[in-house]
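*Asks:* Once you've had a glance at the structure underneath, I'll fire off some questions.
The values are calculated or read from the model by the stated rules, or taken from the named source; none is laboratory data. Quantities reported herein were computed from a predicted structural model and do not represent experimental measurements. All Cβ positions, even for glycine, are placed from backbone atoms using ideal geometry, and neighbour counts span all protein chains on display.
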Amino acid sequence: MRAAARALGLCLGLCALGLLLAALCTDHWYETDPRRHRRSCEAARRPPLPLRRAPPPPPPLPPRCARPLFATHAGLWRTCYYLGVDTRLDSLVRSGIAQRCTAIKYHFSQPIRLRNVPFNLTKAIQQDEWHLLHLRRITAGFLGMAAAVLLCGCIVAAVSFFWEESLTQHVAGLLFLMTGIFCTISLCTYAASISYDLNRLPKFIYSLPDDVEHGYSWSIFCAWCSLGFTVAAGCLCTAYPFVSRSKIMQLKSARDSSV
């Protein structure tokens, strides 16, 4: 029974490690899909049927259609465009004019001064960039620490099969629980960074129109599943030595009383 508990804890830890590494290495934490928004803008741009021979002037574009939006998927390290959604973007990427993926900055750089934007608003943009940079650093830093501690926990759990079973299993459980804390902090700060980024000022630059579909993708769900497996492995490895020890003590006391 002890060997089965150790094997189950190790399997849960290895599964959590694989999911966490998949979340770290993939770029599908958050996705945007503006195809519905583009269709509505094209319908607003289309002129009504003319009643006379002279074509009427095209109607003005709504303000929400002034900014070009593309289908993207982003992770901790890169933001990439989806190919096959916009033919104009596909041609720009193939010709080398536009890059399909751009690196996410983890160092502070002065943003470009926008024309016809007051100095106070430019200062607010710089402060928002600084706060967002801190949230990104916390997310990546704690997730990296979570992966390192989880790897150490798996190694200690594997050592528990050969040396000091109860002690090493207990230490592995504590490392798994520490990984869960780091992973929880990282996921919460990532959600905070997404919300902060979408609510930045000015709204016409950073916010998304209501008809743009956006949300979390499968990479962050891998991280959440990793968190669940990690907590389960930590609870199992931490609690089982005490449970088995109490059972042994009960059996010994029952044997002594029978004698």
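*Asks:* Which pairs turn up if I take residues in the stretch 93-106 that are farther than 30 Å from residue 130 by Cβ and look for partners that are among the hydrophobic types (A, V, I, L, M, F, W, C) with beta carbon separation below 8 Å, at least 6 apart in sequence or on another chain?
*Replies:* Close Cβ pairs satisfying both conditions: 93/83.
*Asks:* Filter the stretch 170-190 down to residues that are more than 26 Å from residue 126 (Cα to Cα) and either at pLDDT 90 or above or of a type in the set (A, V, I, L, M) (or both), then give me how many there are.
*Replies:* Qualifying residue count, the stretch 170-190: 13.
*Asks:* Next up: All but one of (1) in contact (Cβ under 8 Å) with a residue 12 or more places away in the chain; (2) of a type outside the set (Asp, Glu); (3) under 22 Å from residue 132 (Cα atoms) hold for residue 238; state the number of the condition that does not hold.
*Replies:* (3)
Results for (1) closer than 22 Å to residue 191 by Cβ; (2) surrounded by 15 or more Cβ atoms within 10 Å (Cβ to Cβ); (3) at pLDDT below 80; (4) under 17 Å from the mean Cα position of the chain (by Cα), shown as yes or no for each residue.
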| site | (1), (2), (3), (4) |
| --- | --- |
| 65 | no, yes, yes, no |
| 75 | yes, yes, no, yes |
| 87 | no, no, no, no |
| 116 | no, no, yes, no |
| 163 | no, no, yes, no |
| 168 | no, yes, no, no |
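*Asks:* Then there is this: Whether any residue in the stretch 196-208 is closer than 29 Å to residue 68 by Cβ, of a type outside the set (Phe, Trp, Tyr) and at pLDDT 90 or above is what I want to check.
*Replies:* Among the residues of the stretch 196-208, not one is closer than 29 Å to residue 68 by Cβ, of a type outside the set (Phe, Trp, Tyr) and at pLDDT 90 or above, which makes the answer no.
*Asks:* Follow-up question, since we're still on this one. I need the full set of residues from the stretch 199-227 which are surrounded by fewer than 20 Cβ atoms within 10 Å (Cβ to Cβ) and under 15 Å from residue 73 (Cα atoms), in order please.
*Replies:* 208, 212, 213, 214, 215, 216, 217, 218, 221
*Asks:* Further question on the same structure: Somewhere in the stretch 124-136, is a residue charged (D, E, K, R), modelled with pLDDT under 90 and surrounded by fewer than 14 Cβ atoms within 10 Å (Cβ to Cβ)? Before you say what the answer is, go through the steps one by one.
*Replies:* Pass one, the stretch 124-136, residues charged (D, E, K, R): 128-129, 136.
Those left that are additionally modelled with pLDDT under 90: 128-129.
Still in the running and surrounded by fewer than 14 Cβ atoms within 10 Å (Cβ to Cβ): none.
For the stretch 124-136, residues charged (D, E, K, R), modelled with pLDDT under 90 and surrounded by fewer than 14 Cβ atoms within 10 Å (Cβ to Cβ): absent.
*Asks:* Scanning for something under 12 Å from the mean Cα position of the chain (by Cα), under 20 Å from residue 19 (Cβ atoms) and of a type in the set (Val, Ile, Thr), does the stretch 192-210 turn up at least one residue?
*Replies:* Checked the stretch 192-210: no residue is under 12 Å from the mean Cα position of the chain (by Cα), under 20 Å from residue 19 (Cβ atoms) and of a type in the set (Val, Ile, Thr).
*Asks:* With respect to the numbered conditions (1) in a helix (DSSP H, G or I); (2) out of contact with any Leu (no Cβ under 6 Å at 6 or more places or on another chain), which one is the sole condition not fulfilled by residue 215?
*Replies:* (1)
*Asks:* Residue 193 is checked against (1) modelled with pLDDT of 90 or more; (2) farther than 30 Å from residue 66 by Cβ and fails just one. What number does that condition carry?
*Replies:* (2) is the only condition that residue 193 fails.
*Asks:* Do you know which residues across the stretch 212-234 are polar (S, T, N, Q) and farther than 16 Å from residue 149 by Cβ? Let's see the steps before the verdict.
*Replies:* First, pick out the residues of the stretch 212-234 that are polar (S, T, N, Q): 217, 219, 226, 230.
217, 219 - these are the residues of the stretch 212-234 that are polar (S, T, N, Q) and farther than 16 Å from residue 149 by Cβ.
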